Amino acid sequence: MKAIYPGSFDPITFGHLDIIKRASKIFSEVFVVVMENKRKKYTFSLEERIEMIKECTKDIANIKVDYFNGLLVDYLQKNKIDVIIRGLRAVTDFEYELQMAMANKEMCPHTDTVFLMTDKKYSFISSSLVKEVAYFGGDISRWVPKNVEKKLIQKLRE
Ligand code: ADP
């Protein structure tokens, strides 16, 4: 069964990567889809976010990296995907995720959202936390893959 793991991935962290690896063992194919919302401001361009994900998932055979700017349910219908994967870190994630899952279910009744609990090692990691720490010169090597660390440091210099 195919599944989609959508997100901003601005940038991808070990938390995201852990969810991707676990999902790739459960589903036959996992579409990691970078969602582009013109009304949101991102640190990294769409191309940079895609490139970073490709680089750190290249050893996982059943992963496909893609992007979409539109409604998630349109992507699901176009690609005949019935499962949405999301990660849950803390109760603070729950309210938003429940709302999104319900909205998607109402728009596309044959889909289901599957939640994977974060690994406790990564439960506090978010893309924004990583960027904040990097901005002040802190060590982010525990939280993001090497290629992402390099790219973020380079970005902050620009
Ligand atoms: P979005 O803007 O769609 O929330 P994110 O890139 O912030 O995009 O997150 C994508 C998904 O990954 C969300 O379901 C989020 O809860 C999950 N996620 C983010 N960080 C972690 C983490 N450290 N552990 C587990 N799941 C995570």
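Give me the pairs: first residue in the range 103-132 and at negative phi and hydrophobic (A, V, I, L, M, F, W, C), second residue part of a strand (DSSP E or B) and more than 12 Å from the ligand (Cβ to nearest atom), beta-carbon distance under 6 Å, and six or more apart or on different chains, which are they?
Between residues of the range 103-132 that are at negative phi and hydrophobic (A, V, I, L, M, F, W, C) and residues that are part of a strand (DSSP E or B) and more than 12 Å from the ligand (Cβ to nearest atom), the close pairs are V114/V83.
Can you find even one residue in the range 137-153 that is at negative phi, in contact with a helix residue (DSSP H, G or I) (Cβ under 6 Å, 6 or more places away or on another chain) and surrounded by fewer than 13 Cβ atoms within 10 Å (Cβ to Cβ)?
Yes: the range 137-153 contains one or more residues that are at negative phi, in contact with a helix residue (DSSP H, G or I) (Cβ under 6 Å, 6 or more places away or on another chain) and surrounded by fewer than 13 Cβ atoms within 10 Å (Cβ to Cβ).
For the range 1-10, indicate whether the set of residues that are at pLDDT 95 or above, loosely packed, with under 15 Cβ neighbours inside 10 Å and either of a type outside the set (S, T, Y) or more than 16 Å from the chain's Cα centre (by Cα) (or both) is non-empty.
yes
Name every residue in the range 117-134 that is more than 16 Å from I19 (Cβ to Cβ) and touching a Leu at 6+ places or on another chain (Cβ under 6 Å), in order of residue number.
A134
Can you tell me which residue is nearest to the ligand (Cβ to nearest atom) among those in the range 103-127 that are surrounded by 12 or more Cβ atoms within 10 Å (Cβ to Cβ) and assigned to a helix (DSSP H, G or I)? Please lay out each step first, then the result.
First pass over the range 103-127, keeping only residues surrounded by 12 or more Cβ atoms within 10 Å (Cβ to Cβ): 103-105, 107-108, 111-116, 118-119, 121-127.
Filter once more, so that each one left must be assigned to a helix (DSSP H, G or I): 103-105, 107, 121-122, 127.
Numbers: A103: 13, N104: 12, K105: 16, M107: 16, K121: 9, Y122: 4, S127: 6 Å.
The selected residue is Y122.
Among the helices (runs of 4 or more DSSP H) contained in the range 1-81, which hold 3 or more residues that are within 14 Å of the ligand (Cβ to nearest atom) and touching a residue at least 24 places away in the same chain (Cβ under 8 Å)?
Passing ranges, in order: 14-26, 46-57.
Are any residues in the range 11-40 basic (K, R), modelled with pLDDT of 95 or more and under 21 Å from M100 (Cβ atoms), and if so, which ones?
Scanning the range 11-40 gives a single hit, R22.
The values are calculated or read from the model by the stated rules, or taken from the named source; none is laboratory data. Every value quoted in this text rests on a predicted model; they were computed, and no experiment measured them. When we count neighbours, we look across all protein chains shown, and the Cβ atoms used for this are built from the backbone with ideal geometry, even at glycine.
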